[in-house]
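Right, one structure below, let's go through it.
Values in this text are rule-based calculations from the coordinates and carry no lab data. Bear in mind that the values here come from a model prediction, so they are computed numbers and not experimental data. Here the Cβ positions follow ideal geometry from the backbone for every residue, glycine too, while neighbour counts run over all protein chains shown.
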Amino acid sequence: MILSLGSLIFVFEYLVLPQFASARRSLHLLGALNPFLVVLAVALEVAAIYGYVELTRTVLYPHSPSLYNTVRVTLAGHAISHVVPGGTAPAGALSYRIFSELGVPRETSAFGLAVLGTGSAVVLNVLFWFALVISIPLRGFNPAYGFAALAGVFLLLAFFGTILLITRGQRHADVWIRAVAKRVPAIDPDKVSQQLGKVAGRVTLLINNRRTLWWAFTWATLNWVLDAACLWVFLWSFGSVISPVDLLVAYGLANIFAAIPVTPGGLGVVEGVLIPTLVGFGVPHAQAILAVLGYRLLNFWIPIPIGGAAYASLQWRRPADPTAAPATGSGPSPDV
């Protein structure tokens, strides 16, 4: 906790505050800001959040909560991940608890939220790799690209290796997990094995259900692309238009570094990576600062009070009827 607080203070003092100081010298550019483009940026950010909501409902199939409830849980999760260090872990814990209270089976919530976080990161890395392959021959190589690309390789290997182990090597994994569980006090190997079987069943359901898998990939891609488009529109509103490839390289690099759980929601890290990378792609420094800060206002700061209100509404909800049937929701159907 002390280390996280120290890291937060360091990043805020040396990365965030200097940006606000530089932004003050660029405020004259606000006079040329196009209100229509600001509205467009807001719409794109709202659409990006909607993509994440639908991604959540897809990975929780067939126990998807209602759209209204999923929106509130998503906003509450975004808010807590923006104020508490530790990456998306606190948001995942909150979502798991609330979804369970809403009638989603616990094993479905646990697996769905794990796929939600890891799968979304995999899609981001695929987009970053795609942009990088096009950008390097045109723009040259940056040492930071190597770190991000290597992190993406390890993530992809871990993700697909885990899926392969669970689906194709379940029997061997079960024997190994039972052997480990027997050595840990207060852990029932049979229950652990049972949970592994349920997770394997969920993985098999998702893999075999190509329609659901396609929807999950589509919503995850839309979430990242629309959020990046929000940043692109802010750059455009301040008079800088860069290629989508350059944008995705800068955006992917910033978000991959932000995944390191140093500060809440990558505060300071995203800004500290995005601004110099955009400047390296030819965006004037003053415009890069204002565009990134405007984007982060929508992406990071505004969701905090909105998510707080969403969490309050969830706390005020009526207790679920214990005799009611489990929620099945109306998420994307694999047969549609």
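Which length gain, in nm to one decimal place, applies between PHE36 and ILE260 when the Cα-Cα distance is subtracted from 0.36 nm times their residue separation? Walk me through the intermediate numbers first.
Numbers: separation 224, 0.36 × 224 = 80.64 nm, distance 3.49 nm.
Gain on stretching PHE36 to ILE260: 77.2 nm.
Which order do the peptides 261-268, 304-311 take when ranked by the mean count of other beta-carbon atoms within 10 Å per residue, highest first? Can you show the working numbers first?
Details: 261-268: 22.4, 304-311: 16.6.
Top of the packing list down: 261-268, 304-311.
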Original post:
If only Cα atoms are counted, what is the Rg of region 238-297, and what is its Dmax, in Å?
Top reply: 11.0, 33
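What is the gain in length, in nm to one decimal, between VAL241 and TRP316 on full extension, counting 0.36 nm per residue of separation less the C-alpha to C-alpha distance?
Extra length available between VAL241 and TRP316 comes to 22.5 nm.
Figure the gain on full extension for VAL279 and TRP301 (residue separation times 0.36 nm, minus the Cα-Cα span) and round it to one decimal in nm. Numbers along the way, then the final one.
Details: separation 22, 0.36 × 22 = 7.92 nm, distance 2.34 nm.
So the extension gain works out to 5.6 nm.
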Original post:
For ARG210 and ARG106, what does the FRET efficiency come to when R0 = 25 Å and r is the distance between their Cβ atoms, rounded to the nearest 0.05?
Top reply: 0.40
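For each of PHE130, PHE238, PHE36, count neighbouring Cβ atoms within 10 Å of the residue's Cβ, then give the residues from fewest to most.
Numbers: PHE130 14, PHE238 22, PHE36 10.
Ascending Cβ contact count within 10 Å gives the list PHE36, PHE130, PHE238.
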